[in-house]
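Undergrad: Once you've had a glance at the structure underneath, I'll fire off some questions.
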Amino acid sequence: MRYLPSSPAEDRALLDTIGVARAEDLLTGIPESLRLKGGLDLPAQGSEQEVTWQMLDLANKNTRFCAQFLGAGAYDHFVPAAIDAMVGRQEWFTAYTPYQPEISQGTLQHLFEYQTLICDLTGLDVTNASLYDGGTACVETALMAVRVQKKRHTVLVSRGLHPLYRQVLKTNFAPHDDLKLVEVDLKDGVTDLADLQAKLSGDVAAVMVGYPNFLGAVEDLSALAGPVHAAGALLVSVTQEALAFGWLEAPGKAGADMACGEAMSFGNKPNFGGPYLGFLAVKDAHKREIPGRVVGQTKDLDGRTGYVLTLTAREQHIRRDKATSNICSNQGLVTLRANIFLQLAGPEGLKGLAEQNVAKAQYLRQRLLELPDMEPVLEVPFFNEFVLRYTGDYAALQEACLKESLLPGLDLGRFYPEYQGCILWCATELHTRQMIESLVEILARVPATV
């Protein structure tokens with residue numbers, strides 16, 4: 001972001017123009033008791049070099065991992081340097097909501113292209129631009145489903161959905177007086193079809209299923225679509241690892257009516273937890289209920305291609321709790337990075353990256369199972385994450401890995417009591433054979449539990 005300082009003379013000229021003696025006089029609307037009485041407790045000003053050194057000292061307090069085997073919703077992928085170079089171009093400086101198309105053509109064009117790419121990946125007709133993250137995308141999709149289904153007020157959620165996504169749903173969907181959230185059990189790592197059928201009723205608006213789910217398992221959307229549609233409900237796929245679209249059948253082609261989730265894997269780093277990029281794609285019949293904005297392509301009077309906001313729920317800005325959505329902004333910069341990444345990769349490149357993820361995860365699982373204290377748990381197809389039972393002490397395993405600057409997988413007992421003692425491992429295209437072998441060597445030295 002550009003830093004545009006002003007001189008004291010320029011500040012004085014600005015205050016004189018608006019007829020104010022001091023900048024503090026602009027704060028008269030704030031009660032005196034709430035105003036800061038002194039300066040902020042900040043270090044004395046320094047040169048750019050001194051400030052840079054200080055920031056480096058702070059950054060060096062972070063643990064630097066030479067390899068990360070933790071996924072669970074935040075994935076470390078390679079980001080081409082071209083993305084950082086291209087997002088700094090002046091065409092993208094107007095990344096705020098593009099209400100005035102005549103001065104926002106660059107932003108509108110990249111949003112239109114992003115929408116087109118997401119529709120291609122999901123196999124659905126319309127997508128928006130955009131949502132905050134995977135969790136809020138789930139909420140918006142659930143709320144949209146009950147609007148589309150009108151007199152149906154229940155949403156079934158597979159326990160294979162990301163636990164934090166489910167928590168966001170409980171916080172933002174379930175509290176509505178007339179809406180109900182019901183969880184569906186798992187069997188062998190995927191949604192229990194028998195439990196799903198038992199809970200399908202005339203009041204169910206939609207069923208939300210992970211694709212892949214939190215345990216890394218690839219759900220069979222085609223098998224779930226039959227009973228869900230027979231009950232008059234919508235099938236919603238939720239994808240927390242968008243790179244899986246390069247490997248799996250598009251959810252819309254596998255029977256899903258809506259697809260939502262997290263797309264930060266496209267050209268964005270985890271960045272200690274954000275910003276993320278939620279996506280939502282739907283069939284054309286449901287586009288009028290989609291939250292956020294939809295950018296369209298058109299022609300001006302001279303026949304030149306142009307881009308405009310085609311659909312936007314204006315009421316979301318003015319009706320507060322009665323609005324269909326409270327999404328009043330978009331992840332413009334994160335969306336732009338995803339757009340550039342996907343266009344640089346192309347269909348074959350994305351498929352190649354996905355194949356690398358699958359191959360690295362398969363190899364990691366094979367090598368870990370050669371250790372005496374690792375046991376298989378699920379025998380289901382997976383993308384780049386999988387579950388293994390660890391008969392040793394996870395705390396000792398974690399300590400041994402951290403000492404060698406390796407970040408191990410997630411202790412699943414934190415979220416799933418039935419998977420106590422199990423670890424969710426992840427591998428991406430960034431994992432080399434040497435990294436995996438180093439992990440195996442370290443784990444082999446962890447003392448066995450007596």
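Undergrad: Report every pair of residues separated by at least 6 positions or lying on different chains whose Cβ atoms are under 8 Å apart, first residue within segment 239-253 and more than 22 Å from ARG337 (Cα to Cα), second hydrophobic (A, V, I, L, M, F, W, C) and in a helix (DSSP H, G or I).
TA: Cβ pairs passing all conditions: GLU249/LEU221; PRO251/LEU221.
Undergrad: Is one or more of the residues making up segment 258-273 of a type outside the set (Asp, Glu), in contact with a Lys or Arg (Cβ under 9 Å, 6 or more places away or on another chain) and under 16 Å from THR324 (Cβ atoms)?
TA: Yes - at least one qualifying residue is present in segment 258-273.
Undergrad: Of all residues in segment 364-382, count the ones that are within 17 Å of ILE442 (Cα to Cα) and under 27 Å from the mean Cα position of the chain (by Cα).
TA: 2
Undergrad: Could you identify the single residue in GLY123, GLY88, GLY73, GLY38 that is touching a His at 6+ places or on another chain (Cβ under 8 Å) and either on the phi < 0 side of the Ramachandran plot or not aliphatic (A, V, I, L, M) (or both)?
TA: Within the list GLY123, GLY88, GLY73, GLY38, the selection yields GLY73.
Undergrad: So, in segment 1-37, exactly how many residues are assigned to a helix (DSSP H, G or I), over 30 Å from GLU91 (Cβ atoms) and of a type outside the set (Gly, Ala, Ser)?
TA: Counting residues in segment 1-37 that are assigned to a helix (DSSP H, G or I), over 30 Å from GLU91 (Cβ atoms) and of a type outside the set (Gly, Ala, Ser) gives 13.
Undergrad: Look through ALA67, ALA82 and report the one residue that is among the small types (Gly, Ala, Ser), over 30 Å from PHE214 (Cβ atoms), touching a residue at least 40 places away in the same chain (Cβ under 8 Å) and surrounded by 10 or more Cβ atoms within 10 Å (Cβ to Cβ).
TA: Step by step, each of ALA67, ALA82 is checked, and only ALA82 is among the small types (Gly, Ala, Ser), over 30 Å from PHE214 (Cβ atoms), touching a residue at least 40 places away in the same chain (Cβ under 8 Å) and surrounded by 10 or more Cβ atoms within 10 Å (Cβ to Cβ).
Undergrad: Can you pull out every residue in segment 177-188 that is touching a helix residue (DSSP H, G or I) at 6+ places or on another chain (Cβ under 9 Å), surrounded by fewer than 15 Cβ atoms within 10 Å (Cβ to Cβ) and part of a loop (DSSP other than H, G, I, E, B)?
TA: ASP178
Undergrad: Here's another thing I want to ask about it. Is at least one residue of segment 337-348 in the same structural domain as PRO212 (by TED's automatic domain parsing), at pLDDT below 90 and within 29 Å of ARG288 (Cβ to Cβ)?
TA: No, every residue in segment 337-348 fails to be in the same structural domain as PRO212 (by TED's automatic domain parsing), at pLDDT below 90 and within 29 Å of ARG288 (Cβ to Cβ).
Undergrad: Consider ALA174 carefully, then state whether it is part of a loop (DSSP other than H, G, I, E, B), crowded, with 23+ Cβ neighbours inside 10 Å and at pLDDT below 95.
TA: No.
Every residue, every condition in (1) under 35 Å from the mean Cα position of the chain (by Cα); (2) farther than 21 Å from LEU406 by Cβ, yes or no:
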{"site": "LEU15", "(1), (2)": "no, yes"}
{"site": "GLU24", "(1), (2)": "no, yes"}
{"site": "ILE30", "(1), (2)": "no, yes"}
{"site": "GLN45", "(1), (2)": "no, yes"}
{"site": "ALA74", "(1), (2)": "yes, no"}
{"site": "ASP84", "(1), (2)": "yes, yes"}
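Undergrad: Could you grab me the full set of residues in segment 143-160 that are within 24 Å of GLY216 (Cβ to Cβ) and either surrounded by fewer than 24 Cβ atoms within 10 Å (Cβ to Cβ) or aromatic (Phe, Trp, Tyr) (or both)?
TA: Passing the criteria: only ARG159.
Undergrad: What pairs come out if I take residues in segment 345-363 that are under 14 Å from LEU430 (Cβ atoms) and pair them with residues that are of a type in the set (Gly, Ala, Ser) and in a helix (DSSP H, G or I) whose C-beta lies under 7 Å away, six or more apart or interchain?
TA: LEU353/GLY246; LEU353/ALA345; ALA354/ALA244; ALA354/GLY246
Undergrad: Something else about it: Given the conditions (1) part of a helix (DSSP H, G or I); (2) touching a Leu at 6+ places or on another chain (Cβ under 8 Å), and given that GLN197 satisfies all but one, which numbered condition is not satisfied?
TA: The number of the failed condition is (2).
Undergrad: With respect to SER222, is the statement that it is assigned by TED's automatic domain parsing to the domain that holds ARG293, hydroxyl-bearing (Ser, Thr, Tyr) and not in a loop (DSSP other than H, G, I, E, B) true?
TA: yes
Undergrad: Take the conditions outside the structural domain of ALA263 (by TED's automatic domain parsing), surrounded by 10 or more Cβ atoms within 10 Å (Cβ to Cβ) and either of a type in the set (Phe, Trp, Tyr) or out of contact with any strand residue (DSSP E or B) (no Cβ under 7 Å at 6 or more places or on another chain) (or both) and apply them to THR52. Does it pass?
TA: So THR52 fits the description; yes.
Undergrad: Tell me, please, whether a residue that is in a helix (DSSP H, G or I), under 30 Å from GLY189 (Cβ atoms) and of a type in the set (Ser, Thr, Tyr) can be found in segment 331-347.
TA: no
Undergrad: Being buried (at least 24 other Cβ atoms within 10 Å of the Cβ), touching a helix residue (DSSP H, G or I) at 6+ places or on another chain (Cβ under 8 Å) and assigned to a loop (DSSP other than H, G, I, E, B) is true for just one of SER237, SER265. Which residue is that?
TA: One residue alone meets the criteria, SER265.
Undergrad: Restricting to helices (runs of 4 or more DSSP H) lying wholly in segment 39-158: which have 1 or more residues that are at pLDDT 90 or above and over 22 Å from GLN343 (Cβ atoms)?
TA: 48-59, 134-149
The values are calculated or read from the model by the stated rules, or taken from the named source; none is laboratory data. Quantities reported herein were computed from a predicted structural model and do not represent experimental measurements. Counting neighbours? That spans all protein chains shown, and the Cβs are built from the backbone with ideal geometry, glycine included.
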